[in-house]
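The values are calculated or read from the model by the stated rules, or taken from the named source; none is laboratory data. Since the structure is predicted, the reported quantities are computational estimates derived from the model, not experimental observations. Cβ atoms come from the backbone with ideal geometry, glycine included; neighbour counts cover every protein chain shown. Just so you know, the surface numbers come from the protein's heavy atoms only, side chains and all, with ligands and any DNA or RNA stripped out. Shrake-Rupley method; radii C 1.70, N 1.55, O 1.52, S 1.80 Å.
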Amino acid sequence: MEMLRRLGKKSLDQVAGIGYALAMLMNALIGKPNPRKSLPLFIHQMYVVGVLSLLIIIVSGLFIGMVLGLQGYTILVDYGAEQSLGPMVALSLLRELGPVVTALLFAGRAGSALTAEIGLMKATEQLSSLEMMAVDPLRRVVAPRFWAGFVSMPLLALIFSAVGIYGGYLVGSGWLGVDEGAFWSVMQSSVDWYDDLLNGVIKSIVFAFVVTWIALYKGYRAVPTSAGISAATTSTVVTASLTILGLDFILTALMFGG
Amino acid sequence: MSNFVELNNVHFAHGERSIYEGLSLTVPKGKTVAVMGPSGIGKTTLLRLIGGQLKPTSGSIKVAGEEVPALSRKPLYELRKRMSMLFQSGALFTDMSVFDNVAFPLREHTNLPETLIRSIVIMKLEAVGLRGARHLMPAELSGGMARRAALARAIALDPDLIMYDEPFAGQDPISMGVIVKLIKSLNDSLGLTSIVVTHDVDEVLSIADYAYIIADKRVVAEGEPKALLSDSTAIVKQFLHGEADGPVAFHYSDDDFATDLLKGAQ
């Protein structure tokens with residue numbers, strides 16, 4: 001009985017949490033935009049959230065692409081199909097690894113930072129004092145961060161895929177001796193603009209929305225103590241990662257399953 | 001003389017814990033009113049209720065004639081432009097310099113040219129003695145300086161009402177004296193209304209026009225400082241003279257001390 005009660009309470013809390021998160025996002029994003037004030041804030045956040053994540057995205061993309069080239073080659077060469085290395089690398093990156101790994105890295109790099117920053121602003125009463133100064137913290141603090149994450153992650157995913165393909169090319173053609181012309185031309189003929197590239201971009205747009213939202217919500221609802229902020233940061237990374245993986249399965253089934 | 005802030009029979013609970021049961025107090029326009037009471041009775045909550053950040057379970061809260069809990073977002077934000085609050089921690093924005101912190105409300109709520117904003121900020125910083133510290137970041141300020149910088153920010157828009165949350169807590173005697181003088185002179189020169197929430201009795205009674213003592217979820221005593229100091233009610237005496245024994249329990253209530261000790265032996 002006690003267990004049932006606890007289960008009930010937990011599910012109620014979860015549902016209430018989703019409600020709060022929705023309300024937060026609605027209040028942050030709906031309203032008359034004021035570009036004179038919000039544009040500089042957005043650009044600053046684009047730098048913090050997007051540009052500063054570039055290094056980890058580029059380095060990870062390069063290495064994942066190189067590993068793909070290496071692994072793909074050793075499998076394909078047994079069947080004499082090393083000509084297909086190009087499409088293999090490109091498709092894996094564009095359809096799956098680009099959006100998913102970027103989202104996971106983004107959750108760890110930028111998502112945790114967003115949660116910690118907003119949680120600390122809450123703990124030090126900066127959000128409260130904004131409110132008392134008649135400035136809505138949802139519009140001033142949450143909204144520019146949300147847009148920055150939402151815009152920058154798909155771009156980062158594209159950069160990740162591009163760098164990854166180059167990494168696969170370096171290993172495949174430069175080192176293992178796959179014919180350069182075959183690598184690019186087979187890739188070009190088998191990667192579809194709509195099926196592969198666009199679906200990958202749609203995936204990363206969905207991930208961008210969800211990861212940024214989770215990170216901001218966890219920060220905004222953090223218990224304003226040091227333990228509370230650390231728990232919120234952890235929770236951002238865990239919740240965001242699991243959500244990314246779950247959503248990825250659903251999206252893949254919808255896009256490529258039928 | 002009209003009242004700028006009026007609380008009437010306010011009830012408020014934090015979750016299951018009741019904080020106020022029938023709190024009433026008034027703050028006349030242009031006066032400094034002290035609200036005193038032991039720690040943990042929700043003095044900060046009182047300021048948040050007045051500022052509309054929290055809604056009471058029942059009762060009326062009027063600021064400048066408007067019923068705060070009933071206001072929708074827009075009029076509430078308009079009303080908040082006329083009041084400001086000095087947080088205990090200062091709550092300066094840590095990613096901005098002192099100058100930008102003070103300029104923040106001006107940049108948000110006015111369309112003044114930057115040269116005029118600069119002059120206003122410098123005047124406000126001069127008033128709190130931090131004109132030379134304008135380029136420092138909040139992390140480089142001492143606690144007292146941070147609170148003075150926050151005060152400069154709080155008066156940037158020339159509010160009608162300013163609420164001080166424990167302005168003296170944790171200050172050294174010098175900055176304490178400076179802040180006491182600042183509150184007094186701001187009140188006299190700008191004609192604003194002040195609410196000072198504190199448990200530093202001597203400091204606040206030296207500048208307040210009227211004082212309330214809150215305990216047991218309501219106002220237990222009120223009056224002009226002189227009258228309060230000569231009040232002989234047990235609870236007033238206990239609070240103003242800092243005695244552990246009296247109607248306000250110093251010990252967080254629990255089992256009897258002896259029983260508690262013996263529990264370990266069982």
- Message: Checking the structure you have, find out if any residue of region A:43-50 is closer than 30 Å to A:E180 by Cβ, assigned to a helix (DSSP H, G or I) and either touching a residue at least 24 places away in the same chain (Cβ under 8 Å) or among the aliphatic types (A, V, I, L, M) (or both).
- Response: no
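Evaluate the following for B:F12: is it within 14 Å of chain A (Cβ to nearest Cβ) and not hydroxyl-bearing (S, T, Y)? Before the answer, list the steps.
Details: within 14 Å of chain A (Cβ to nearest Cβ): no; not hydroxyl-bearing (S, T, Y): yes.
Answer is no for this residue.
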- Message: Restricting to region A:99-147, count the residues that are over 24 Å from A:S241 (Cβ atoms) and away from chain B (no Cβ under 14 Å).
- Response: 1
- Note on the structure: Within region B:151-202, residues of a type in the set (A, V, I, L, M), open to solvent by 30 Å² or more (accessible area, probe 1.4 Å) and modelled with pLDDT of 85 or more come out as B:L157
- Mind counting the residues in region A:30-53 that are surrounded by 15 or more Cβ atoms within 10 Å (Cβ to Cβ), within 20 Å of the chain's Cα centre (by Cα) and not β-branched (V, I, T)? 5
- Item | Among the residues listed as A:Y79, A:Y73, the single one being surrounded by fewer than 24 Cβ atoms within 10 Å (Cβ to Cβ) and in contact with a helix residue (DSSP H, G or I) (Cβ under 9 Å, 6 or more places away or on another chain) | A:Y73
- Item | A:G246, sole failed condition from (1) touching a helix residue (DSSP H, G or I) at 6+ places or on another chain (Cβ under 9 Å); (2) open to solvent by less than 40 Å² (accessible area, probe 1.4 Å) | (1)
- Message: If I ask for residues that are hydroxyl-bearing (S, T, Y) and open to solvent by 50 Å² or more (accessible area, probe 1.4 Å), which ones from region A:191-206 would you list?
- Response: A:Y194
- Inspect all residues belonging to region B:151-172 and state whether any of them is more than 18 Å from B:L47 (Cα to Cα) and either more than 22 Å from the chain's Cα centre (by Cα) or part of a strand (DSSP E or B) (or both). no
- Query: Going through region B:1-36 one residue at a time, which ones are touching a Gly at 6+ places or on another chain (Cβ under 9 Å), farther than 27 Å from B:P159 by Cα and open to solvent by 30 Å² or more (accessible area, probe 1.4 Å)?
  - Reply: B:H11, B:H14
- Only unsatisfied item for B:A103, checking (1) part of a helix (DSSP H, G or I); (2) closer than 25 Å to B:I41 by Cα, is (2)
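Using the structure shown, decide if A:L176 is closer than 25 Å to A:L104 by Cβ, away from every other protein chain (no Cβ under 14 Å) and aliphatic (A, V, I, L, M).
Working: closer than 25 Å to A:L104 by Cβ: no; away from every other protein chain (no Cβ under 14 Å): yes; aliphatic (A, V, I, L, M): yes.
Here the answer is no, as A:L176 does not meet what is asked.
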- Query: Which residues, counting only those in region B:125-148, are surrounded by 22 or more Cβ atoms within 10 Å (Cβ to Cβ) and under 16 Å from B:S185 (Cα atoms)?
  - Reply: B:L125, B:V128, B:R148
- Enumerate the pairs (first residue in region B:34-59 and at negative phi; second residue anywhere and open to solvent by 10 Å² or more (accessible area, probe 1.4 Å) and among the hydroxyl-bearing types (S, T, Y)) with beta-carbon separation below 7 Å, excluding pairs fewer than 6 apart on the same chain, so at least 6 apart or on different chains. B:Q53/A:S128; B:L54/B:T45
- Query: Where residues in region B:82-119 are more than 9 Å from chain A (Cβ to nearest Cβ) and among the hydroxyl-bearing types (S, T, Y), which of them is farthest from B:A133 (Cα to Cα)?
  - Reply: B:T110
- Message: So, in region A:140-198, how many residues would count as being under 20 Å from the mean Cα position of the chain (by Cα) and touching a residue at least 24 places away in the same chain (Cβ under 8 Å)?
- Response: 26
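For region B:53-81: of the residues being of a type in the set (A, V, I, L, M, F, W, C) and more than 10 Å from chain A (Cβ to nearest Cβ), which is surrounded by the fewest Cβ atoms within 10 Å (Cβ to Cβ)? Working first, answer last.
At the first step, the residues of region B:53-81 found to be of a type in the set (A, V, I, L, M, F, W, C) are B:54, B:61, B:63-64, B:68, B:70-71, B:76, B:79.
Restricting the remaining residues to those that are more than 10 Å from chain A (Cβ to nearest Cβ) gives B:54, B:61, B:63-64, B:68, B:70-71.
Values: B:L54: 19, B:I61: 24, B:V63: 25, B:A64: 17, B:V68: 25, B:A70: 13, B:L71: 16.
Ranking the candidates gives B:A70 first.
Rundown of residues vs (1) out of contact with any Phe, Trp or Tyr (no Cβ under 8 Å at 6 or more places or on another chain); (2) open to solvent by 60 Å² or more (accessible area, probe 1.4 Å); (3) in a helix (DSSP H, G or I), yes/no style:
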| residue | (1), (2), (3) |
| --- | --- |
| A:A148 | no, no, yes |
| A:I165 | yes, no, yes |
| A:G168 | yes, no, yes |
| A:A208 | no, no, yes |
| A:W213 | no, no, yes |
| A:L216 | no, no, yes |
| A:A227 | yes, yes, yes |
- Which numbered condition B:E78 fails, given (1) among the acidic types (D, E); (2) in a strand (DSSP E or B); (3) under 14 Å from B:L161 (Cβ atoms): (2)
- Task: Can you confirm whether region A:60-83 contains a residue that is in contact (Cβ under 8 Å) with a residue 24 or more places away in the chain and assigned to a loop (DSSP other than H, G, I, E, B)?
- Result: no
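Would you check if A:N34 is of a type outside the set (K, R), free of Cβ contacts under 8 Å to residues at least 40 places away in the same chain and within 14 Å of chain B (Cβ to nearest Cβ)? Walk me through it before giving the result.
On the way: of a type outside the set (K, R): yes; free of Cβ contacts under 8 Å to residues at least 40 places away in the same chain: yes; within 14 Å of chain B (Cβ to nearest Cβ): yes.
Yes.
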- Note on the structure: Of (1) under 19 Å from B:V35 (Cα atoms); (2) at pLDDT 80 or above; (3) more than 18 Å from the chain's Cα centre (by Cα), B:T233 satisfies every one except (2)
- Task: Could you please tell me which pairs satisfy a Cβ distance under 8 Å, a separation of 6+ or placement on different chains, a first residue in region A:106-130 that is over 22 Å from A:V210 (Cβ atoms) and open to solvent by less than 40 Å² (accessible area, probe 1.4 Å), and a second residue that is charged (D, E, K, R) and in a loop (DSSP other than H, G, I, E, B)?
- Result: A:L130/A:D136
